[in-house]
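To start, the structure itself, in structure tokens.
The values are calculated or read from the model by the stated rules, or taken from the named source; none is laboratory data. What you see is a predicted model; the values in this text were computed from it and never measured. As a convention, Cβ positions derive from the backbone with ideal geometry for all residues, glycine included, and neighbour counts pool all protein chains shown.
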Amino acid sequence: MNITSFLLYCLIVTFTPGPTNIVILSAVQNFGVKKTMEYVYGATVSFGILLAVSALLNSALITVVPKVLSIMQIIGSFYILYLAYQIFKMDVSEATVSKPVGFITGLLMQFVNPKVILFTMTVIPSFVIPYYNSFWSLFVFAAVITAIGFLAFITWVLFGTIFKEFLQKYQRASNTIMALFLVYSAFVASGIVGLFRR
């Protein structure tokens, strides 16, 4: 397992602007840290649930249809490339939140957040299952990824205003660097590296 590529993918996807992080950023400015933390707890719980469901579904599917792993790796790689493109062209300057946030809002938003759904459905089969497929190893990786997600949410809470200003000031440079890291992760997750080693 290429742990560097796995961590890069997890860190970039969870720490970069997306619907959840933008809501956190705006909520901390509009409603304060305490109310935003309720949203963060809800978002973290549903993030963990989605990862656990993905791990179980993909593990069961691979047991029934072993060739599906290669297909999921390819789909995951294309999704990572798509994310790289989205991050490269992203504009975070106009994101605001006007509605109150809370635990239930955070919980429900993850289930309709395409970035989170696609990430949770691709990270396990692309990076974990090719190397580890026991129940406990999948549980550990799901817990680690959930913790990374929680740390990303906390980062957006703690450094909300400063982080937003930084992204606006250096948006093009930071988005380009993160997009290039994602392209590297897509290349590794695709399984192409393994073909060259044979």
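Select from the range 165-174 the residues that are among the polar types (S, T, N, Q) and in contact with a Ser or Thr (Cβ under 8 Å, 6 or more places away or on another chain) and write down the one among them that is modelled with the highest pLDDT. Steps first, please.
Here is the first cut: in the range 165-174, the residues among the polar types (S, T, N, Q) are 168, 171, 174.
Keeping just the survivors that are in contact with a Ser or Thr (Cβ under 8 Å, 6 or more places away or on another chain) gives 168, 171.
Numbers: Gln168: 64, Gln171: 69.
Here the residue is Gln171.
Among the candidates Lys99, Lys89, Lys67, single out the residue that is over 22 Å from Gly18 (Cα atoms), exposed (fewer than 13 other Cβ atoms within 10 Å of the Cβ) and either at pLDDT 90 or above or of a type in the set (D, E, K, R) (or both).
Numbers: Lys99 fails: over 22 Å from Gly18 (Cα atoms); Lys89 fails: over 22 Å from Gly18 (Cα atoms).
Sole residue among the options that is over 22 Å from Gly18 (Cα atoms), exposed (fewer than 13 other Cβ atoms within 10 Å of the Cβ) and either at pLDDT 90 or above or of a type in the set (D, E, K, R) (or both): Lys67.
Is there a residue being closer than 29 Å to Pro130 by Cα, modelled with pLDDT of 70 or more, in a helix (DSSP H, G or I) and touching a helix residue (DSSP H, G or I) at 6+ places or on another chain (Cβ under 6 Å) anywhere in the range 153-164? Break it down stepwise before answering.
The first filter runs over the range 153-164 and keeps only residues closer than 29 Å to Pro130 by Cα, leaving 153.
Retained after the next criterion (residues that are modelled with pLDDT of 70 or more): 153.
Among the residues that remain, those that are also in a helix (DSSP H, G or I) are: 153.
Retained after the next criterion (residues that are touching a helix residue (DSSP H, G or I) at 6+ places or on another chain (Cβ under 6 Å)): 153.
Within the range 153-164 (the criterion being closer than 29 Å to Pro130 by Cα, modelled with pLDDT of 70 or more, in a helix (DSSP H, G or I) and touching a helix residue (DSSP H, G or I) at 6+ places or on another chain (Cβ under 6 Å)), the answer is yes, since at least one residue qualifies.
Report, by residue number, each residue of the range 20-54 that is more than 23 Å from Pro125 (Cβ to Cβ), surrounded by fewer than 23 Cβ atoms within 10 Å (Cβ to Cβ), touching a residue at least 12 places away in the same chain (Cβ under 8 Å) and not basic (Lys, Arg).
Across the range 20-54, the qualifying residues are Ile22, Ser26, Gln29, Asn30, Phe31, Val33, Met37, Glu38, Tyr41, Gly42.
Looking for something over 19 Å from the mean Cα position of the chain (by Cα) and at pLDDT 85 or above - is there at least one such residue anywhere in the range 105-128? Talk me through it step by step, then tell me what you get.
Residues of the range 105-128 that are over 19 Å from the mean Cα position of the chain (by Cα), as a first pass: none.
No, the range 105-128 contains no residue that is over 19 Å from the mean Cα position of the chain (by Cα) and at pLDDT 85 or above.
For Phe187, are the conditions met, namely being at pLDDT below 90 and either on the phi > 0 side of the Ramachandran plot or in a helix (DSSP H, G or I) (or both)? Show your work before the answer.
Values: at pLDDT below 90: yes; either on the phi > 0 side of the Ramachandran plot or in a helix (DSSP H, G or I) (or both): yes.
Spelling it out, Phe187 is indeed at pLDDT below 90 and either on the phi > 0 side of the Ramachandran plot or in a helix (DSSP H, G or I) (or both).
Of everything in the range 112-152 that's of a type outside the set (A, V, I, L, M) and in a loop (DSSP other than H, G, I, E, B), which residue is surrounded by the most Cβ atoms within 10 Å (Cβ to Cβ)? Working first, answer last.
Just the residues of the range 112-152 that are of a type outside the set (A, V, I, L, M), to begin with: 113-115, 119-120, 122, 125-127, 130-137, 139, 141, 146, 149-150.
Going one step further and asking which of them are in a loop (DSSP other than H, G, I, E, B), we end up with 113, 130-134.
Values: Asn113: 20, Pro130: 17, Tyr131: 12, Tyr132: 14, Asn133: 16, Ser134: 9.
Among residues in the range 112-152 that are of a type outside the set (A, V, I, L, M) and in a loop (DSSP other than H, G, I, E, B), the one surrounded by the most Cβ atoms within 10 Å (Cβ to Cβ) is Asn113.
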